[in-house]
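Asker: Can you keep this structure in mind? I'll have questions shortly.
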Amino acid sequence: MAKYAAAVQMDCITGDLKENTEHVIGLLEKMKKEEPELILAVFPEMVLYGYERLYEISQKYGQNEIESCLNRIAQKCKSLQINAVAGAPYYGKKGLENALYYLNTRGKVQHVYSKIHLIEMERSVFVPGDAYGVCSTDFGKAGFLICWDSAFAKTAETYVRAGADFLIVSAAWERAYERQWELAVCGRSFDNDIPIIAANRIGKSGEQELAGHSMITDCMGNTIEAGTAEEEAYLIADLQQILSKEKRKGFGSQTEEQKEEACFQENIRTYAM
């Protein structure tokens, strides 16, 4: 039986944790009804809160309120037997973090990843995460990137060295930089021989239009499925298909031995003037 993963692109209501939670639950129900073999759904960055008025988060919500909403989604995941990844704030030991929560089919929050590479506007609100933990699932090991994290090649490489089988990218990337979004996702996929499930938000964040254009890649960096910028949608792909490395066999000079050498040996030459 085939197993499918989905990249979900949607808008959200800024600051309305409960309404956004219900929206996510409604989409999970819709997707599972339409695609019974769907076992993973990836939602955009900060989908439960939004990306405006970030300074109000600590005034309106604590971790208990956030976890209450996540637990509602997790219980729906259990009843539908689907895993979900959703973006929301997280109160860590050092302060408020921009996080992804991995919710499993047992109705639990299995893993929390916090964004490491913050953009300028986030730094007055969030503290950066400090760990790249790989999450073990029933269908492989997942590594997580949030939006601007995907612009850093070493970040994806760190996950691959740690044994990740696929990467999840959750974002609120602006339409003005849509080309860079595509380059970041497909580039990380190609240069690490790893498939990526990338969910990007649509709608507006302040004056900025968001790009949408969610996508799922194979290990060659090819876009298997891609969305548009305007509409709420979900893209699905067969996990067995995207996790396969068959397409890399015989491609260029990238044998397993050569990739191993490239990863773990540095050949640096210094020339005197």
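The values are calculated or read from the model by the stated rules, or taken from the named source; none is laboratory data. Computed from a prediction, not measured in an experiment: that's the story for all the values here. All Cβ positions, even for glycine, are placed from backbone atoms using ideal geometry, and neighbour counts span all protein chains on display. We work out accessible area using only protein heavy atoms, side chains counted, and drop any ligands, DNA or RNA first. Shrake-Rupley method; radii C 1.70, N 1.55, O 1.52, S 1.80 Å.
Asker: Within region 89-104, is there a residue that is farther than 30 Å from residue 3 by Cβ and in contact (Cβ under 8 Å) with a residue 40 or more places away in the chain?
Answerer: Within region 89-104, one or more residues are farther than 30 Å from residue 3 by Cβ and in contact (Cβ under 8 Å) with a residue 40 or more places away in the chain.
Asker: Here is a further query. Can you tell me which residue in region 119-140 is surrounded by the fewest Cβ atoms within 10 Å (Cβ to Cβ), limited to those that are hydroxyl-bearing (Ser, Thr, Tyr) and in contact (Cβ under 8 Å) with a residue 12 or more places away in the chain? So that I can check it myself, show each step before the final result.
Answerer: Keep residues of region 119-140 that are hydroxyl-bearing (Ser, Thr, Tyr), which gives 124, 132, 136-137.
Now narrow it down to the ones that are in contact (Cβ under 8 Å) with a residue 12 or more places away in the chain: 124, 132, 137.
Details: 124: 9, 132: 18, 137: 19.
Looking at the filtered set, the residue picked out is 124.
Asker: Considering only region 36-62, state which residues are open to solvent by 60 Å² or more (accessible area, probe 1.4 Å) and over 21 Å from residue 16 (Cβ atoms).
Answerer: Of everything in region 36-62, those that are open to solvent by 60 Å² or more (accessible area, probe 1.4 Å) and over 21 Å from residue 16 (Cβ atoms) turn out to be 36, 37.
Asker: If you go through region 198-214, how many residues are within 19 Å of residue 234 (Cα to Cα), small (Gly, Ala, Ser) and surrounded by fewer than 24 Cβ atoms within 10 Å (Cβ to Cβ)?
Answerer: Adding up the residues that qualify gives 1.
Asker: For region 129-144, give me the residue count where each residue is in a loop (DSSP other than H, G, I, E, B) and over 18 Å from residue 49 (Cβ atoms).
Answerer: Within region 129-144, residues that are in a loop (DSSP other than H, G, I, E, B) and over 18 Å from residue 49 (Cβ atoms) number 7.
Asker: Would you be able to tell me the number of residues in region 1-44 that are within 15 Å of the chain's Cα centre (by Cα), aromatic (Phe, Trp, Tyr) and not in a loop (DSSP other than H, G, I, E, B)?
Answerer: Adding up the residues that qualify gives 0.
Asker: Looking only at region 102-118, which residues are out of contact with any Gly (no Cβ under 7 Å at 6 or more places or on another chain) and either within 21 Å of residue 136 (Cβ to Cβ) or open to solvent by 50 Å² or more (accessible area, probe 1.4 Å) (or both)?
Answerer: Answer for region 102-118, where residues must be out of contact with any Gly (no Cβ under 7 Å at 6 or more places or on another chain) and either within 21 Å of residue 136 (Cβ to Cβ) or open to solvent by 50 Å² or more (accessible area, probe 1.4 Å) (or both): 102, 103, 104, 105, 106, 107, 108, 109, 110, 112.
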